[in-house]
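Comments concern the structure below.
The values are calculated or read from the model by the stated rules, or taken from the named source; none is laboratory data. This one's a predicted model, so the numbers in the text were calculated from it and none came from an experiment. Cβ: placed from backbone, ideal geometry, glycine included. Neighbour counts: every protein chain shown. We work out accessible area using only protein heavy atoms, side chains counted, and drop any ligands, DNA or RNA first. Shrake-Rupley method; radii C 1.70, N 1.55, O 1.52, S 1.80 Å.
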Amino acid sequence: MEESGFFEYWFTVAFVLFFIVWFPSYAIKTKGRGLPLWGLAVSIVLLFLILPLINIAIIQEMISAYWNSNFSAVPDMVKNVTMKAGSIHRSATLDQVYLAVSGLMILVGIVQSMMSAWLLYVRHNRRSLFRAIRFMWCSALMTVLAVGLFPFLFLGAAGSPFALDCAPYEALYIAILLLITAYLRMCPAVAKFYPN
């Protein structure tokens with residue numbers, strides 16, 4: 001990719017992400033339940049839209065790594081060790097079992113992330129704030145289990161393509177959660193908005 005094309009591509013990505021975050025944040029702050037803080041509105045949008053999109057990107061990376069491991073001649077990729085599931089006639093491979101379990105964990109993480117956004121938006125007391133933070137980090141735990149632990153647990157050393165392909169998304173997910181948590185816990189206006 002030439003230099004001008006590289007700049008145009010990343011400028012377009014940044015502009016689209018800004019619009020995706022800004023427009024719902026504006027709608028939540030002004031047309032919704034009257035949130036007093038822009039940071040809180042942006043946090044809700046990040047939890048409700050951006051983190052589930054990151055999880056969907058993780059699923060896409062897992063499926064592409066699975067596809068490459070089954071249809072390429074690279075010897076390091078996942079070996080399809082057959083594991084019986086149900087009967088001799090119906091069997092699944094370890095990588096298929098990994099994909100099913102990890103996909104389920106990521107879907108649970110998406111639901112937890114959306115629940116935390118809902119708690120921040122609807123409930124206005126300190127208990128709902130702490131529950132929202134717990135739900136956020138439980139969603140991060142589901143993501144870390146799905147792409148950081150389960151590839152090695154199910155597939156051993158052959159799971160490294162799954163973990164390596166998903167590592168940047170996992171790091172971005174945790175970085176966003178760290179920023180949201182720091183904002184929610186350290187901003188005095190947020191503490192006033194969620195009284196005891």
Original post:
From the set of residues in region 178-188 that are open to solvent by 40 Å² or more (accessible area, probe 1.4 Å) and in contact (Cβ under 8 Å) with a residue 12 or more places away in the chain, which is farthest from the chain's Cα centre (by Cα)?
Top reply: R185
Original post:
Within the bounds of region 63-78, is there any residue that is under 27 Å from L177 (Cβ atoms), open to solvent by 60 Å² or more (accessible area, probe 1.4 Å) and at pLDDT 55 or above?
Top reply: yes
**OP:** Take the residues in region 1-31 that are exposed (fewer than 14 other Cβ atoms within 10 Å of the Cβ) and small (G, A, S), then tell me which one is modelled with the highest pLDDT.
**Re:** A14
Original post:
Which residue, of R131, R126, is surrounded by fewer than 16 Cβ atoms within 10 Å (Cβ to Cβ), closer than 30 Å to N196 by Cα and either touching a helix residue (DSSP H, G or I) at 6+ places or on another chain (Cβ under 6 Å) or not aromatic (F, W, Y) (or both)?
Top reply: R126
Original post:
Do you know which residues across region 178-196 are more than 19 Å from I110 (Cα to Cα) and in a helix (DSSP H, G or I)?
Top reply: A182, Y183, L184, R185, M186, P188, A189, V190, A191, K192, F193
**OP:** May I ask you to verify whether L153 is of a type in the set (A, V, I, L, M, F, W, C) and within 20 Å of the chain's Cα centre (by Cα)?
**Re:** no
**OP:** Of the numbered conditions (1) free of Cβ contacts under 8 Å to residues at least 24 places away in the same chain; (2) farther than 15 Å from A65 by Cα, G148 fails exactly one; give the number of that condition.
**Re:** (2)
Original post:
Looking at A158, A175, A140, which one is of a type in the set (G, A, S), out of contact with any helix residue (DSSP H, G or I) (no Cβ under 7 Å at 6 or more places or on another chain), surrounded by 16 or more Cβ atoms within 10 Å (Cβ to Cβ) and part of a helix (DSSP H, G or I)?
Top reply: A158
**OP:** Starting from region 1-16, take each residue that is over 26 Å from L49 (Cα atoms) and list its partners that are modelled with pLDDT of 70 or more and part of a helix (DSSP H, G or I), counting only C-beta distances under 8 angstrom and pairs at least six apart or across chains.
**Re:** M1/Y9
Original post:
Is there a residue being of a type in the set (A, V, I, L, M), in a strand (DSSP E or B) and surrounded by 14 or more Cβ atoms within 10 Å (Cβ to Cβ) anywhere in region 88-102?
Top reply: yes
